[in-house]
Amino acid sequence: MNERVSNLLRTGLGFLVLQVAASAQHWKPEFRNYPVANNYRGTPARVNFGISPGARSYRTRLREGASKGPNFAAHYTIVTWGCGSDCYDIAVIDARTGRVWFGPFTGAVELAFRRNSRLVVVDPKSEVEKRFPNGLPAGFDTREIFFVWRGNKFVQVYPTDGTKPLPAIR
């Protein structure tokens, strides 16, 4: 193979690798990427305050939310409540056991989730644009951040550039 053809091939392969890497950075998770099966159909368990540290402080919200039954990842119930102006807090309740976990983050606008998926989106871009059609107010900052529920905790899956949501205020 002559040197000119070899250089062209190397340049083409290098360009292809850069394109693949760039497109991977823009890939955003979707609910269908994290499916669950076997939706829980029984009566939701009572909130178990004994094994859930800090849950008693939010007992009314947690009991009300748990009584509605699962709305997330087959057998969990996500409950949110306001924690100030443009702020919400989150808890996850297992409908089978009543165990409560609190989210490690606070959101500003909305939380998106589905019963048939383990994915949670903090402040989805579409909801932020609906609430603020003319752009965010001065001093207000929010980022779309994706988490997956794994066992008993949220794991951030996007963005992967080190961006973090606001920490929980509890």
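Worth a mention:
- Separation in nanometres of the label points that stand 7 Å from Cα toward Cβ, at Phe132 and Thr60: 3.0 nm
- Around the Cα centre of the range 37-170, unit charges on the Cβ atoms of Lys, Arg, Asp and Glu (plus for the first two, minus for the last two) sum to a dipole of about 760 debye.
- Arg32 sits among other residues whose Cβ lies under 14 Å from its own Cβ, and their net charge, with Lys and Arg +1 and Asp and Glu -1, is +3.
- Long-range amide H partners of Ile145 with built H, under 5 Å: Val122
- Net charge of the neighbourhood of Asn152, taken over other residues with C-beta under 10 Å away and scored Lys/Arg +1, Asp/Glu -1, is +2.
- Out-of-range pairs (alpha-carbon distance over 23 Å; input Lys130/Lys153; Lys68/Lys125; Lys125/Lys164): Lys130/Lys153; Lys68/Lys125
- Histogram of C-alpha separations across the range 37-169, 10 Å bin width, %: 12, 42, 33, 11, 1
- Sequence-ordered 3J(HN,Hα) estimates for the range 140-156 from the Karplus curve with 6.51, -1.76 and 1.60 and θ = phi - 60° stand at 9, 10, 8, 10, 6, 10, 10, 10, 10, 7, 10, x, 9, 7, 8, 10, 6 Hz, glycine and proline given as x.
None of the figures in this text is laboratory data; all of them are computed from the coordinates on show. Given the structure is predicted, the values throughout are model-derived calculations rather than measurements. All Cβ positions, glycine included, derive from the backbone under ideal geometry; neighbour counts span all protein chains shown.
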